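Notes for the one structure printed next.
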Amino acid sequence: MYRRNLKKKIKKKSDFKNSIDFLKRNETVVFVVSCLLVLFISIVWLSKKQDEEIKLNKVNYPQYINNESSESFESEYRNDLNDDLEMTKILLNELLNFKNKEDFHYYGFGSAYKYNDWLIKVGELKQSSNSRKILLEYGFSLGDLEMLGLEYVKTKGKETEYSLWAKQRIINGISQK
């Protein structure tokens with residue numbers, strides 16, 4: 001009986017030794033599998049945490065989640081055609097005022113600099129529901145203003161054939177108002 005138990009122990013030790021040998025031979029595979037397991041557990045944990053945050057946001061910000069409030073949201077931010085034309089005029093004047101400044105030539109519309117606000121305003125203006133109407137009735141695109149600004153960045157405020165054309169096109173359209 002003692003012999004049988006000893007044989008079983010020896011067999012178990014050899015199984016253990018074989019397992020250790022297998023792990024030593026396949027260190028990379030074991031490492032990769034371990035990393036994937038840790039990654040999977042992390043993803044599951046993060047997704048549960050994000051679900052909790054989403055639920056909290058639904059409680060804290062119901063006006064942005066409920067579909068009922070979207071109509072009032074849209075009507076609140078609808079652009080009037082005259083407002084869009086006036087904003088275009090203001091933004092064009094701002095551009096013409098800062099296009100020759102040294103800091104504009106150096107930083108342009110860099111995200112950390114003050115002229116980036118101008119570019120953001122123009123981008124918002126371009127999204128106006130009146131942009132097509134302005135193009136058809138006033139003969140210029142709201143994107144022309146953005147392209148004019150980018151042209152001035154490229155040329156460091158100097159006039160080019162394109163900048164003269166775009167500026168004149170916008171001025172002509174605004175003056176029709």
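The values are calculated or read from the model by the stated rules, or taken from the named source; none is laboratory data. Here the structure is a predicted model, which means the values were calculated and not measured. Because the Cβ atoms are built from the backbone with ideal geometry, glycine has one as well, and the counts that use them run over all protein chains shown. Keep in mind that these areas ignore ligands, DNA and RNA; they rest on the heavy atoms of the full protein, side chains included. Shrake-Rupley method; radii C 1.70, N 1.55, O 1.52, S 1.80 Å.
Numbers below:
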read-out: Heavy-atom surface of segment 80-150, accessible at 1.4 Å and reported per residue (Å²); value: 55
read-out: Sites Tyr162 and Asp80, calculated FRET efficiency, Cβ-Cβ separation with R0 22 Å, nearest 0.05; value: 0.15
read-out: Rh by Kirkwood over Cα pairs, then Stokes-Einstein D for segment 93-177 at 0.890 mPa s and 25 °C, µm²/s; value: 185
read-out: Extended-chain gain in nm, criterion 0.36 nm per residue less alpha-carbon gap, Asn26 and Gln127; value: 30.6 nm
